2 protein chains.
Amino acid sequence: MTLETLSANLSFGGVQGVYRHKSAQTKTDMTFAVFVPPHDPGAKLPVIWYLSGLTCTHANVMEKGEYRRACAKLGLIFIAPDTSPRGNDVPDDDAYDFGQGAGFYVDALRHPWAAQYRMRSYIEDELPEIIAAHFPADRSRQAIMGHSMGGHGALTIGMRNPDRYKSISAFSPIVSPIQCPWGQKALTGYLGDDPAIWRQYDACALIKDGARTPALLVDQGTADNFLHDQLQPALLDAACRDAGIDLTLNMRDGYDHSYFFISTFMAEHLRWHAARL
Amino acid sequence: MTLETLSANLSFGGVQGVYRHKSAQTKTDMTFAVFVPPHDPGAKLPVIWYLSGLTCTHANVMEKGEYRRACAKLGLIFIAPDTSPRGNDVPDDDAYDFGQGAGFYVDALRHPWAAQYRMRSYIEDELPEIIAAHFPADRSRQAIMGHSMGGHGALTIGMRNPDRYKSISAFSPIVSPIQCPWGQKALTGYLGDDPAIWRQYDACALIKDGARTPALLVDQGTADNFLHDQLQPALLDAACRDAGIDLTLNMRDGYDHSYFFISTFMAEHLRWHAARL
């Protein structure tokens, strides 16, 4: 597998790189960003996976997330994948919340999406092998986090793989796509109508069905336009309480859905993960 | 004067706003960004002016500069103006380094630029009045900084107004436009061929002609593609040594011209300014 380096910039003593490779899962070129902090030669470092939200690429958090200072200090590798396959040969939709930029971290089952919209397997299986082969990553120390649709991705991928990810955190996550318009549209479109299949892509349903995680942190702004219709953190709070999962849910007064919010609390999330890695 | 709020986002406990107004200097709408940190009611706060480089708007440093954490902690207002007038009715040039996005912080003298390319007077005279009228700014405590072309702007505006700006800092500044291709093109294009007029827009010439500043800090990456042809910090170093100006010039090994560099050292610059305000 060839990894092409698109850019590499020294930042906070580490290297912020952007890389491209041919994906077996999506049958497209995929681009992702990795920050490797300063480290001793030969060291293996803990890894933070960051999954982005609707319309985002690898670049949004790389430019606006303000994670490098904390990652450099804490010695964390930070990985930011793209959110879907992309390209003229990839099926798309005019809406911002379906198709390219809106992969929803599922393996699609319906035509025309199924052949290339395989973001679950890309994030769970393919990209970890590439990271292991090309970066000084300690596979025994990994955490996963994300924002909005990527918060949904972090919650569901993290809960399905509790032995791999020691901790999960999210900013403004979609906690139950089954119960919100964004999720209902995406799950129907990519997966079809069988609700049994949907449950593996819904954090609250996964918890009800027995999934657990060692540690769970969520930050949610109270001025987020999507709070009540789409995100509904109370559903996750209730599911965690019923299941005995120790969720820390921080409602942040006056903060919205933007990276101005995420960047404010990014270092806090990274310190919380580092303490568990 | 009416100030239109285009956006206002809570971030690091303060407000990151973007504003638009009709400029008497440029005869266009001008957009700028201001971060106001958390503060006590009625307090007046010290101000950092940040001037951006070629091709930039107010948004580049707002998105990539990572200044809000330090400004919130230090209690600094951070102002990021645009770099030129813009619009279909504003003269432009196909080159990235002349015309819109490349105002070079001069008051142009030549047709067709002279009527609207008045970024010197906009930054020195017009925008400060708007800031004073709409934000809790302490005019007796101001500093100025910038990047590349904006470093040139900070150096020259700061040196021409040493009583107003207590300190000047720059990332990768153009220290002598008279002596580099970017500067020669811009000064000729906006001002004409008289080298006597150019000198007020050249930090090294201003120093030779007697300008001084209370405090001067420059950071420059050694892997910056523009270091040797355009930026030439050694010229500033020599001018300061001859004039007895206490310049701190940090050559940063391996860093380039990007915001990955700027963000790394932004907090250090802000602490340095805060100690002088």
Of all residues in region A:131-143, how many are open to solvent by 10 Å² or more (accessible area, probe 1.4 Å) and part of a helix (DSSP H, G or I)?
3
I'm trying to understand the selection: among the residues of region B:20-35, which are assigned to a strand (DSSP E or B) and either surrounded by fewer than 21 Cβ atoms within 10 Å (Cβ to Cβ) or more than 22 Å from the chain's Cα centre (by Cα) (or both)?
B:20, B:21, B:22, B:29, B:31
What is the residue count in region B:58-104 for residues that are of a type in the set (D, E, K, R), open to solvent by 10 Å² or more (accessible area, probe 1.4 Å) and assigned to a helix (DSSP H, G or I)?
4
Can you tell me which residue is surrounded by the fewest Cβ atoms within 10 Å (Cβ to Cβ) among those in region A:148-178 that are among the aliphatic types (A, V, I, L, M) and within 21 Å of residue A:228 (Cβ to Cβ)?
A:178
State whether the residues of region B:249-259 include one that is among the hydrophobic types (A, V, I, L, M, F, W, C) and under 17 Å from residue B:51 (Cβ atoms).
no
For region B:79-95, which positions are out of contact with any strand residue (DSSP E or B) (no Cβ under 6 Å at 6 or more places or on another chain) and under 11 Å from residue B:185 (Cβ atoms)?
B:95
State all residues of region A:60-111 that are within 14 Å of chain B (Cβ to nearest Cβ) and of a type in the set (Asp, Glu); if no residue qualifies, say none.
A:63, A:66
Which one is nearest to residue A:72 (Cα to Cα), of the residues in region A:1-18 that are more than 10 Å from chain B (Cβ to nearest Cβ) and touching a residue at least 40 places away in the same chain (Cβ under 8 Å)?
A:18
Which ones in region A:261-277 are more than 20 Å from residue A:55 (Cβ to Cβ), within 13 Å of chain B (Cβ to nearest Cβ) and of a type in the set (Gly, Ala, Ser)?
A:267
Somewhere in region B:159-176, is a residue part of a helix (DSSP H, G or I), in contact with a Leu (Cβ under 6 Å, 6 or more places away or on another chain), under 18 Å from residue B:249 (Cβ atoms) and modelled with pLDDT of 95 or more?
yes
Taking region B:221-260 on its own, how many of its residues are touching a Lys or Arg at 6+ places or on another chain (Cβ under 7 Å), within 14 Å of chain A (Cβ to nearest Cβ) and within 30 Å of residue B:45 (Cα to Cα)?
1
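The values are calculated or read from the model by the stated rules, or taken from the named source; none is laboratory data. These numbers come from a predicted model, not from an experiment. Cβ: placed from backbone, ideal geometry, glycine included. Neighbour counts: every protein chain shown. These area figures cover heavy atoms from the full protein model, side chains too; ligands, DNA and RNA do not enter into them. Shrake-Rupley method; radii C 1.70, N 1.55, O 1.52, S 1.80 Å.
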